[in-house]
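Worksheet: the structure to be examined is printed underneath.
The values are calculated or read from the model by the stated rules, or taken from the named source; none is laboratory data. Keep in mind that what you see is a predicted model, and the values were worked out from it rather than measured. Glycine gets a Cβ as well: all are built from the backbone with ideal geometry, and neighbour counts include every protein chain shown. Quick note on the areas: whole protein, heavy atoms, side chains included, nothing else; ligands and nucleic acids left out. Shrake-Rupley method; radii C 1.70, N 1.55, O 1.52, S 1.80 Å.
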Amino acid sequence: MCLGIESTAHTVGVGIASGLEGTKILANVSSSYSPPSGGIHPREAAEHHVKAIHELIESSLDIAGVDFTDLDLISFAKGPGLGPCLRVGATAARALSLALKRPIVGVNHCIAHLEIGKMITGCRDPVMLYVSGGNTQVISYQWGRYRIMGETLDIGIGNLLDKFGRRFSIPFPAGPKIEELAKGGERMLDLPYSVKGMDVSFSGIFTSLSSMQGELKDLCFSLQETAFAMLVEVTERAMAHLEKDEVLLGGGVASNLRLREMCSVMARDRGGELHVPKRQYCVDNGAMIALLGLLLEDQSSLDLDNTKIDQNYRTDDVEVTWL
Ligand code: ATP
Ligand code: FE2
């Protein structure tokens with residue numbers, strides 16, 4: 001049984017996963033920091049996590065119906081993410097490991113999204129489109145690692161939505177409201193479509209929109225259509241190169257029904273299928289960190305030397321030993 005702690009950005013989460021008789025998620029609780037105004041400030045988010053984490057650990061144990069002593073393993077998100085936030089999760093995990101004398105393992109946040117998506121939806125060898133505030137990557141397994149087939153060259157797609165929201169007075173997180181407004185949009189405005197090889201770039205879209213006149217619903221509509229088309233194009237190309245037919249969505253932006261529709265049409269046209277986990281497993285969550293902890297159990301240790309955080313921890317740095 002593994003307790004996993006997520007704290008890469010504005011969400012702190014604790015999950016408990018059991019590996020007995022097939023993997024099960026026994027608890028998944030979280031608390032998110034929303035800045036009163038402006039973007040997320042790493043130190044303030046970290047302070048929020050410090051205040052929330054103790055209660056989250058207690059309530060995860062209550063929900064799972066287990067005691068501290070039932071835990072066999074502690075895992076935490078080692079990166080990528082914001083340093084001050086990552087340190088809160090790592091510190092709590094080290095404290096648990098020391099107090100309970102249980103081994104600890106640091107895991108990659110992006111791979112955790114992918115593995116929980118596979119577990120929850122039952123897909124086996126997908127191309128994952130991971131779309132959150134800070135991350136935008138197309139990831140798939142090949143030759144012993146999860147490879148980044150394409151990614152953003154600047155900001156994440158969620159960050160684009162939230163920046164646009166700040167510019168046009170839509171409260172954080174702006175994604176759901178933009179989705180709502182876009183439904184009423186009719187006019188497709190001309191925005192930069194930046195796909196560079198397998199990578200995408202969103203900052204030009206933000207710059208163009210910032211100075212555009214027009215109805216907000218049309219701006220939202222054009223933003224979604226352009227940015228999502230770029231993502232779907234790169235995802236489709238990865239599927240074609242790798243000859244894979246499953247698409248898996250993950251990250252907070254996966255909640256967007258228009259993005260799902262576009263991915264689903266693309267996948268069906270190729271004779272494939274779209275898989276989307278429930279929202280609580282798409283957004284940042286502790287359950288995915290607990291699950292990956294179980295998969296990486298053989299790399300866990302009682303020694304804390306290996307528990308440093310890595311803000312730039314790359315998806316393809318990790319050797320996949322569990323498949
Ligand atoms: P990460 O640390 O992985 O970058 P995160 O901190 O950004 O994650 P998530 O909860 O995965 O957290 O994603 C939040 C993002 O999802 C925000 O940018 C928000 O605007 C966006 N979002 C939420 N719901 C929707 C929606 N319906 N449509 C589009 N975007 C959405
Ligand atoms: Fe995430």
Exercise for the section: May I ask you to list the residues in the range 164-179 that are charged (D, E, K, R) and under 18 Å from V131 (Cβ atoms)? Expected result: K177, E179
Exercise for the section: Return yes or no: is K118 within 16 Å of ligand 2 (Cβ to nearest atom) and outside any strand (DSSP E or B)? Expected result: yes
Handout entry: Filtered residue count, the range 1-22, keeping only those that are assigned to a strand (DSSP E or B) and among the hydroxyl-bearing types (S, T, Y)
Key = 2
Practice task
Under 7 Å between Cβ atoms, at least 6 apart or on separate chains: pull out the pairs that start in the range 250-265 with a residue that is in contact (Cβ under 8 Å) with a residue 24 or more places away in the chain and under 19 Å from G134 (Cα atoms) and end on any residue that is open to solvent by 20 Å² or more (accessible area, probe 1.4 Å) and polar (S, T, N, Q).
Solution key: G251/N135
Exercise for the section: Hey, could you check the range 127-144 for residues that are more than 16 Å from ligand 2 (Cβ to nearest atom) and in contact with a helix residue (DSSP H, G or I) (Cβ under 7 Å, 6 or more places away or on another chain) and say which is nearest to F228 (Cα to Cα)? Expected result: V127
Handout entry: Conditions (1) more than 12 Å from ligand 1 (Cβ to nearest atom); (2) part of a helix (DSSP H, G or I): number failed by A45
Key = (1)
Exercise for the section: Looking for whichever is assigned to a loop (DSSP other than H, G, I, E, B) and surrounded by 16 or more Cβ atoms within 10 Å (Cβ to Cβ) here; the options are I40, I57, I25, I53. Which one fits? Expected result: I40
Exercise for the section: Among what's in the range 92-134 and is of a type in the set (V, I, T) and farther than 20 Å from G250 by Cβ, pick the residue that is farthest from ligand 1 (Cβ to nearest atom). Expected result: I104
Completion exercise
Matching residues in the range 260-306 (open to solvent by 30 Å² or more (accessible area, probe 1.4 Å), within 14 Å of ligand 2 (Cβ to nearest atom) and in a helix (DSSP H, G or I)) number 2
Practice task
Output the residues belonging to the range 195-254 that are of a type in the set (A, V, I, L, M), open to solvent by 40 Å² or more (accessible area, probe 1.4 Å), part of a helix (DSSP H, G or I) and more than 16 Å from ligand 1 (Cβ to nearest atom).
Solution key: A240
Exercise for the section: Answer yes or no as to whether A77 is open to solvent by less than 20 Å² (accessible area, probe 1.4 Å), part of a strand (DSSP E or B), closer than 23 Å to T307 by Cβ and within 12 Å of ligand 1 (Cβ to nearest atom). Expected result: yes
Practice task
Scan the range 179-187 and give yes if some residue there is within 16 Å of ligand 1 (Cβ to nearest atom), within 20 Å of the chain's Cα centre (by Cα) and aliphatic (A, V, I, L, M), otherwise no.
Solution key: no
Exercise for the section: Considering only the range 146-194, state which residues are closer than 19 Å to S255 by Cα, hydrophobic (A, V, I, L, M, F, W, C) and open to solvent by 50 Å² or more (accessible area, probe 1.4 Å). Expected result: F172
Problem - Yes/no for A93 being more than 16 Å from ligand 2 (Cβ to nearest atom), crowded, with 21+ Cβ neighbours inside 10 Å and either at pLDDT 95 or above or among the aromatic types (F, W, Y) (or both) - result: yes
Exercise for the section: Could you tell me which residue of the range 135-145 is nearest to G250 (Cα to Cα), considering only residues that are open to solvent by less than 30 Å² (accessible area, probe 1.4 Å) and away from ligand 1 (no atom under 15 Å from the Cβ)? Expected result: S140
Practice task
Taking the residues in the range 1-33 that are within 16 Å of ligand 2 (Cβ to nearest atom) and hydroxyl-bearing (S, T, Y) as candidates, determine which candidate is nearest to P80 (Cα to Cα).
Solution key: T8
